[in-house]
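I have placed the structure first, in the form of structure tokens, so that the comments after it can refer back to it.
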Amino acid sequence: MKRYLFALSLCLLFIVGVSYAVASFITIQDSFQVVATATTTSQNKEIQTRLKKWGYYNGAIDGILGPKSISAIKAFQKKYGLVQDGIVGPKTAAKMGINLGSSTSSTNSSSDTYLLAKLVYAEARGEVYEGQVAVAAVVLNRVKSPSFPNTLSGVIYQPWAFTAVQDGQINLEPNTTAMNAARDALNGWDPTHGCLFYYNPAKTTSKWIYSRQVVTTIGSHVFAL
Amino acid sequence: MKKGLIILVTLLSVAVFIMGVYIFKTSNTLATTTASLEGLYQRSLYELTNNVNNMEVEVSKLMVSNDSVSQQKILSNLKQQSSDAENSLSLLPLNSNVLGETTKFMNQLNGYCSSLITYNNGKIDGEDYVTLSEVHNSINEIKTELNTIMNRLMQGYRISDNLSNGEESDFSLNFINFKNESINFPSLIYDGPFSDALNQKAIKGLPEEEITQEKAEEKVSQIFGSSITNLSYVGESTGNFDTYDFGVTTADRNYYVQITKRGGFLLSMSANISEDTTLQDEGSTDVQESEYISKEDVNASENENFINSAIKFAKSLGLENMESVWSAKTQHVCYVNLAPVVDDITMYPDLIKAKIDVRSSKVVGWEATSYAYNHVQREDLVPTLSATEAKNLVSTNLNIDSQRLCVIPLDFVGETLAYEFAGQYDNYQYYLYIDAYTGKQVRVLRVIQTDQGELVL
């Protein structure tokens, strides 16, 4: 009986161990996604393919730069005397023979438009077009507002400002609709007439957001001042 | 049975050992990540405290300085410190509900310093001293709060250990006094960025009387004519403008249309273009900076068709005398900026932005907020300076190609009559604006040619 208990407790320990490892693995991967990923999914896949070919990496080619990929990048950087930050910047990319500009080649595409489009895609890809323009307009209204940071990246990456930044969805590649919405908003379109907040009443858990003055509802988002 | 149990136990032990090693490794990585985040947060808090301490000293120095040169120097320091403080605030893991007012104070103080430097040459007069002493009080209150938090930090408080409840985390409780009005922030009114005055912008371009929802619906029907397959009322929007909002479906796309209650004016209309294509880079077309470019649109001949449809559309809305002041074509759309031209004077404050589908030359986007805010019959537009006098004020480096009279918006509030000089220097094209009353150079813009049109900076 004692032995069975022993075996049972071992099993339990095993399960606890596995779930703990999985949980911490996910946490680490999440935190790295926001901090470290400056490259697109397709570029990440290219990076992983090359690192695998050269023997630095043995994980899956999934386009997500998790801890394994990052330590592989660091090992590669160490070998070639680069700064070991685990981030594929221009220098590391050049050593790998990867052109980071490949997806935005030929024209001088504005990085602001792209960043804004990423946020729109991550936050509102299921919304109607004007709902996507409205989300982009809220970001730009925040840049102009004294109560928020004064740059586009400052507003987008402000802690707790957008759930899509916290859960890493910001790093998804935007589609044409999100790009068009971002461009229209940068050109002055603002269906919200100056709103600074939006929320999905079905999903939000924040209480204070309901105290804001509601301006309009577009799709599933309520826009407020 | 016994044997089987031994094997099982051995296997499980091995598994547990492997897991143990793995857990040790991953928790190590997690610890490193947490430590670096903690470092980032603490650094921001330390820098914020430093900035606020410095700001307190600078403001108190201003109170006892009487010389405009040294005042200007102190104001520049204060401006820099408030800008840095704003930056540090934005890096703390707190949301705008907690820090909004403090961020606003830092931004406005920055703008207030700028306006004192620009318009008063750093000279501070009686009323400014009153404002500055209020500012001094607020900074002292912030300083006290921050000192309490810094003391906790020095006693071993860890920010990253206290973030578990998201935006309502234990860490945010430290900042409770930043949002519950225990700190008094003065109202700063000045001609500059982030001023409270900018929020009270009057709508000058729309008549006072309001129309009904039915009238607005008629207006939408008129605009789209027989091409409408479905017209639905979506709701009202308030905010800077009160509008009736409609969804319009035509054979090829969906539009979102906003008609102002005041006067039934088409404020905004937009539709998505090229939904069916995959992501293709269309180059940068940041036309938001393009408001003051010459009336002689450089791309006019290439974009003639699109410009004509924009002007025709404006006429159909009853907007006469509109001319293209800028246009840029991307793969699927052409953006055209229109401004009214009255007695050969281009009215840049009344800009309307149109978006035209390249394939059909149809207007699919319309944005007339600036027009609604600013359009009035401007009286007495008679320059004090003659064109020649103004020309003499232009830098001799600029080879002037053309000149004209226009009304341009001033940086933050108001507008003025100005001479626009277009010219070349060192292979770059410039636009220079000389105030037609005072002779001051009110703005200079440089044109940057890109593959997809031109930008001005």
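Could you check segment B:371-447 for strands (runs of 3 or more DSSP E) lying wholly inside it with 3 or more residues that are touching a Lys or Arg at 6+ places or on another chain (Cβ under 9 Å) and free of Cβ contacts under 8 Å to residues at least 60 places away in the same chain?
Where strands (runs of 3 or more DSSP E) fall fully within segment B:371-447 and carry at least 3 residues being touching a Lys or Arg at 6+ places or on another chain (Cβ under 9 Å) and free of Cβ contacts under 8 Å to residues at least 60 places away in the same chain, they are B:415-425, B:428-435.
Check segment A:169-181 and report whether any residue there is over 20 Å from A:SER111 (Cβ atoms) and either free of Cβ contacts under 8 Å to residues at least 12 places away in the same chain or more than 7 Å from every other protein chain (Cβ to nearest Cβ) (or both).
no
Counting only residues that are closer than 19 Å to B:VAL413 by Cβ and among the small types (Gly, Ala, Ser), which one in segment B:361-383 is nearest to the chain's Cα centre (by Cα)?
Looking at the filtered set, the residue picked out is B:SER370.
Here is a list: A:ALA164, A:ALA182. Which entry is crowded, with 23+ Cβ neighbours inside 10 Å and either more than 30 Å from B:PHE105 (Cβ to Cβ) or assigned by TED's automatic domain parsing to the domain that holds A:TRP208 (or both)?
None of the others qualify; the one that does is A:ALA182.
Which fully enclosed strands (runs of 3 or more DSSP E) of segment B:251-366 have 2 or more residues being closer than 21 Å to A:HIS193 by Cβ, within 11 Å of chain A (Cβ to nearest Cβ) and at pLDDT 90 or above?
It comes to B:254-260, B:266-271, B:352-357.
Taking the criterion of being charged (D, E, K, R), loosely packed, with under 15 Cβ neighbours inside 10 Å, modelled with pLDDT of 90 or more and not in a strand (DSSP E or B), would at least one residue in segment B:218-228 satisfy it?
Yes, the conditions are met somewhere in segment B:218-228.
Collect the residues in segment A:176-225 that are touching a helix residue (DSSP H, G or I) at 6+ places or on another chain (Cβ under 7 Å) and either more than 19 Å from B:TYR256 (Cβ to Cβ) or among the aromatic types (Phe, Trp, Tyr) (or both), keeping them in residue-number order.
Within segment A:176-225, A:TRP189, A:LEU196, A:PHE197, A:TYR198, A:TYR199, A:SER206, A:TRP208, A:PHE223 meet the criteria.
Determine if segment B:399-417 includes at least one residue that is under 30 Å from A:GLU130 (Cβ atoms) and either more than 25 Å from the chain's Cα centre (by Cα) or not assigned by TED's automatic domain parsing to the domain that holds B:ILE223 (or both).
Scanning segment B:399-417, I find at least one residue that is under 30 Å from A:GLU130 (Cβ atoms) and either more than 25 Å from the chain's Cα centre (by Cα) or not assigned by TED's automatic domain parsing to the domain that holds B:ILE223 (or both), so the answer is yes.
Of the conditions (1) assigned to a loop (DSSP other than H, G, I, E, B); (2) closer than 30 Å to B:SER370 by Cα; (3) modelled with pLDDT under 85, B:LEU198 clears all except one; give me its number.
(1)
Only one residue in A:GLY81, A:GLY63, A:GLY59, A:GLY55 is more than 19 Å from B:THR34 (Cβ to Cβ), modelled with pLDDT of 80 or more and part of a loop (DSSP other than H, G, I, E, B), so which one is that?
A:GLY59
The values are calculated or read from the model by the stated rules, or taken from the named source; none is laboratory data. All values derive from a computational prediction rather than experimental measurement. Backbone-built Cβ (ideal geometry, glycine too); neighbour counts: all protein chains shown.
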